[in-house]
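The block underneath contains the structure these notes are about, expressed in structure tokens.
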Amino acid sequence: MKPYNLEGLALAKKLLESGGLIGMPTETVYGLAANAFMPKAIKKLYEVKGRPHYNPLIVHIGHLSQLEVIAKPLSPLMYQLLEQFWPGPLTVLCKKRAKISAAVTAGSDMVAVRMPNHPLALALLRSLSFPLVAPSANPSNRISPTTAQHVQDYFGDQLSYILDGGTCQQGIESTIISLDRQKIVIHRPGAISKEALEQFGIEVQYKKDQLITAPGNFSKHYAPVKPMFLTDQPAILQESFQHKKIGFMTFCPPADGQLRGRVFPLATMAEDYSTAMRQLYSTMHQLDREDVDLIIAERLPEIGVGRAINDRLKRAAVRQFIFEKNHLEAYEFTTING
Ligand code: TXA
Ligand code: MG
């Protein structure tokens, strides 16, 4: 990582001021950043990402004072949450002010805001007189990028510049929440777990129905090009693919000889959820480049960020196989392009 890439910062600033799109590191995944107050730049961003216009963007800020410009007054409870979790991988839904255009929020009166915890992103945001919209820097429905190289491979010359901030420390997207009176409602599980939010001392729930019809909330998303199957029993499922080359993505290294194919464990030690989270997307990128016909991914226990990892795996998988008492249940996921 180059935390003092001053020349890169100055260039990124200049390009963003003149309406350019840049790849920006954050602690979660790389973002595709543009001036949040410049309609032309926002339009270009939607085009380059191939993102449907009804899927809104997260606004990134570097100072709390910027919040007042884009959001209507927040409750004291929201400020306490921000004090605890910002800068960091928490995105909050707030009532938007007129300064934020309908193109950013896809017509909603709520705007999603976060302050990323990455030295380069913060330095860049604090040097600008406007906030940045930044969706993950992948074409719609593809695997999110966790290195500058991933962004380069996806977009190459379509971007004005990619600010290289090394490998993302968290590795999956921010947790998106709203406040419903005295309750925290999770709209997208992410790098901050439900358990971590509960330590704040108030009730935390998952949103039951989906807030908006955005691809991030559809089944097929974050997907490798190779077909990926999700299961709690990779050793059993492999028997269904006798003549295929299989790439396995497991939580920890399996016992010797258990799996037939190339195995990519997300962590070396059991229960190391944060390493698994950090390795998730880069392992998916790697498996896509391997000489395998298909990918079998192992489901993690639904504990802590294990839930967010499973959420991404489910969206990436073409099918999910859950084995219960020697009886196979297959859940098929529909593909919805966006
Ligand atoms: O960690 C992250 O959040 C990364 C980094 C780059 O900051 N960004 C990211 O952005 O994941 P994106 O665009 O890939 O995902 C944003 C999600 C989408 O599912 C979108 O539907 C939801 O946030 N979202 C954005 N604005 C919203 C709004 N006003 N109301 C509800 N959901 C919103
Ligand atoms: Mg995304």
Excluding residues fewer than 8 positions from Lys95 in its own chain, the lysines with Cα under 27 Å of it are Lys40, Lys43, Lys44, Lys49, Lys72, Lys183, Lys194, Lys207, Lys208
Per residue solvent-accessible surface (Å²) - the chain, probe of 1.4 Å
45
Förster-model FRET efficiency, 41 Å R0, Glu83 and Asp153, C-beta, rounded to 0.05:
0.60
Over the stretch 71-204, what is the percentage of antiparallel beta bridges among all DSSP beta bridges, to the nearest 5?
70
Work out the charge dipole of the chain with +1 on the Cβ of Lys and Arg and -1 on the Cβ of Asp and Glu about the Cα centre, then indicate which of Ser160, Pro224, Met284 is farthest towards its positive end.
Ser160
Keeping all protein chains in the complex and leaving out DNA, RNA and ligands, what accessible area do you get for Thr250 with a 1.4 Å probe, in Å² to the nearest 10?
10
Using the Cα centre of the stretch 1-56 as the reference point, and only Cβ charges (+1 on K/R, -1 on D/E), how large is the resulting charge dipole? Debye, rounded to the nearest 20.
180
Among 103-109, 265-271, 199-205, 15-21, what's the highest-first ranking by average C-beta atoms within 10 angstrom per residue?
15-21, 103-109, 265-271, 199-205
Roughly how many nanometres apart are two label points built 7 Å out from the Cα toward the Cβ at Glu290 and Glu239?
2.2
With +1 on the Cβ of every Lys and Arg and -1 on the Cβ of every Asp and Glu, and nothing else charged, how large is the dipole of the chain about its Cα centre, in debye rounded to the nearest 20?
1060
Extension gain, Gln182 back to His53 (0.36 nm per residue minus Cα-Cα distance, nm):
43.2 nm
For the stretch 297-307, Karplus couplings with θ = phi - 60° (6.51, -1.76, 1.60), whole Hz, Gly/Pro x
9, 8, 6, 8, x, 7, 10, x, 6, x, 5
Measuring from its Cα centre, the stretch 1-156 shows a charge dipole (+1 at each Lys and Arg Cβ, -1 at each Asp and Glu Cβ) which, in debye to the nearest 20, is 380
Rounded to the nearest 5, what is the percent of antiparallel bridges among the DSSP beta bridges in the chain?
45
Around Asn310: net Lys/Arg minus Asp/Glu count, Cβ-Cβ under 9 Å:
+2
Order of exposure, largest accessible area first, which applies to Tyr206, Tyr30 with probe 1.4 Å:
Tyr206, Tyr30
Accessible area (Å², 1.4 Å probe, nearest 10) - Phe37:
60
How large is the Rg to Rh ratio of the chain when both quantities use alpha carbon positions and Rh follows Kirkwood?
0.97
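The values are calculated or read from the model by the stated rules, or taken from the named source; none is laboratory data. Predicted, not measured: the structure shown is a model, and the values here were computed from it. Methodologically, a virtual Cβ is constructed for each residue, glycine included, from the backbone with ideal geometry; neighbour enumeration extends over all protein chains shown. Areas reflect the complete protein model, heavy atoms only, side chains present, ligands, DNA and RNA absent. Shrake-Rupley method; radii C 1.70, N 1.55, O 1.52, S 1.80 Å.
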